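Trainee: Would you mind keeping the following structure in view while I ask a few things?
Derivation of every value follows stated rules applied to the coordinates shown; laboratory data play no part. Values in this document were obtained by computation on a predicted structure and should not be read as measured data. Every residue, glycine as well, gets a Cβ built from its backbone with ideal geometry; the counts of neighbours run over all protein chains shown.
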């Protein structure tokens, strides 16, 4: 057995050695084809020698094989440059981009991705590709002397009033209310309210709106923006009523949307002030409607059945009435978004989209706010028809009539220091807090200390909120404690002091809060408490805002390391000062905390419901 095994092993070894000697190297198919092509080419090139017919039948001898060194080279896939190599070559060939230019480009891409320009257009317009190219025609024309005003003189007046306009064929500014051809009862009411000369935003804004142009109005708090959209709306309603009187169930012709119930009620009161003298003077009756939540819907439906000309609404209740087909926007051709940055921003965006879906025809759209970041402006310009931007001062700048004082107060000591601050000025005083629990706590504390105080926040019912506002405005109460629900647009004429119990996370809210004082040319004081709870970004925004308004910067803010040392270069080259998303001056859009927060909220909202059955809205 051992001999047999040895013999078989020897035979296998011999066979393996034979195979190694006869081994031929494998030649790839592409290489073989190239070799065959080369052989055929050599055959064609070689001249055939003269031969007899007898020899022609004999086959040609095969050509001698080429040595490996002379084998034709085949373009291999590996020899071609890869995409990575090409990209590197292109980068080297491209002109050098500085770090500043690269940052500006990145910011532009972020803003372009955010603004889609679709929210201010209805589904019908998007689906059918309807694009309006010309503004709405109105029957209003400025007086002849204004129409003949040279462009150089108009620009000189704008420079004098610090008005910046952007747009084509901008109507000339009007320095007197009489130039606007308003009815005499409205002019008389303006004089009774002590409004003799128009403010800068009114000088340019009123002619633009009366001409039928879409407009973006930006001006500091307390500058009279409300009259810019209220007076033309009354004119539109009067014109429509005179041409064709309204029938029951019809309307409205114009609409104003506000972010809070209190602001909507205030705007409604202003409209009624001007409608009463018109009715007394014999003009046709104009019916306004206040359409807000927290109020019985039946009273609003009774007014709607008679037919309405003007609607002042908050998004929620307006959406409900439209969804229930209790109101239609078939004849509505005038729309104003007051505090537009709040309405178009996250929170109300879906409600506003639903409202726009009910429009059947072109409308004149107006956007007004004191804080209008570049993101909202770009988005609005894409959606509006040949818009005119009227800007008085920088968007998001603080009112210069307000003295801003910033105090570093420890968390536990704030409530005690609050009583000291209340003694700085005589009442009324407004106190702002970030959350509802703090409002209730401060309200209770002040009542225990014998202070006549009232409080409002989103958790209270509408009647309680309205009573608190009315008693504070009438002077029955000395202090109003509120969340940011009272910071947007509310007009308290006699307030000399605003106290921020905590610094808001968004600088826009700070600008709106301190704007409740220093209105209509009066001066006021704003005291803000800061401590370790605020983020460095928020404090940097505050520092830059104080610097811009030439206010005293406290040592705790002055010691902060400012990362935007090359801010001036970036702002000059990009044309955007500070953050284009939230308007803060202490950071750029790449470091915006508000943008990061909203992105995380959007991701959280889009998470799949793994517990649901996947049916309607994924109920369990």
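Trainee: Please find the FRET efficiency linking residue 548 to residue 106, where r is the Cβ-Cβ separation and R0 is fixed at 25 Å, and quote it to the nearest 0.05.
Mentor: Once rounded, the FRET efficiency stands at 0.50.
Trainee: Okay, next question. What fraction of the DSSP beta bridges in the range 124-392 is antiparallel, stated in percent and rounded to the nearest 5?
Mentor: The antiparallel proportion sits near 15 percent.
Trainee: Cβ neighbours within 10 Å, averaged per peptide: list 492-503, 410-421 in order, most packed at the top.
Mentor: 492-503, 410-421
Trainee: Give me the number: length gained by fully extending residue 188 to residue 157, i.e. 0.36 nm times residue separation minus the C-alpha to C-alpha distance, one decimal in nm.
Mentor: Contour length minus the Cα-Cα distance gives 8.6 nm.
Trainee: Report the per residue volume, in Å³, of the convex hull enclosing the C-alpha atoms of the range 124-392.
Mentor: About 131 Å³ per residue, rounded to a whole number.
Trainee: Further question: Points 7 angstrom from Cα along the Cβ direction at residue 556 and residue 523: gap in nanometres?
Mentor: Label-label distance for residue 556 and residue 523, simple model: 2.6 nm.
Trainee: Spin-label point model (7 Å from Cα, Cβ direction): what's the residue 144 to residue 279 distance in nm?
Mentor: 3.8
Trainee: Give me the number: length gained by fully extending residue 298 to residue 197, i.e. 0.36 nm times residue separation minus the C-alpha to C-alpha distance, one decimal in nm.
Mentor: So the chain would gain 32.2 nm between residue 298 and residue 197.
Trainee: Students often get this wrong: which residues of the range 332-375 have the backbone nitrogen under 17 Å from the point 7 angstrom along Cα-to-C-beta of residue 127?
Mentor: 353-362
Trainee: Quick check on packing: order 477-488, 176-187, 26-37 by the mean number of other C-beta atoms within 10 Å, highest mean leading.
Mentor: The peptides rank, most packed first, as 477-488, 176-187, 26-37.
Trainee: Please give the peptides 535-541, 88-94, 155-161 ranked by average Cβ packing (other Cβ atoms within 10 Å per residue), highest first, as a rough proxy for protection.
Mentor: For the peptides 535-541, 88-94, 155-161, the packing ranking is 535-541, 155-161, 88-94.
Trainee: Taking the square root of 5 times each eigenvalue of the Cα gyration tensor, what semi-axes in Å does the equivalent ellipsoid of the range 314-356 have, largest first?
Mentor: 18, 13, 7
Trainee: Hey, another quick one. On the principal axes of its Cα set, how long, how wide and how thick is the range 445-492? Give whole Å, largest value first.
Mentor: 29, 22, 18
Trainee: For the range 402-603, just run the numbers: alpha carbon Rg, then divide by 2.2 N^0.38 Å, N being how many residues it has.
Mentor: This ratio for the range 402-603 stands at 1.07.
Trainee: Find the all-direction average of the projected area of the Cα convex hull for the range 409-508, expressing the result in square nanometres with one decimal place.
Mentor: 6.4
Trainee: Could you tell me the convex hull volume per residue, in Å³, taken over the Cα atoms of the range 382-446?
Mentor: 195
Trainee: Still on this structure, I have one more. Between residue 394 and residue 98, how many nm apart are label points set 7 Å from Cα along the C-beta direction?
Mentor: Placing both labels 7 Å along Cα→Cβ, they lie 2.1 nm apart.
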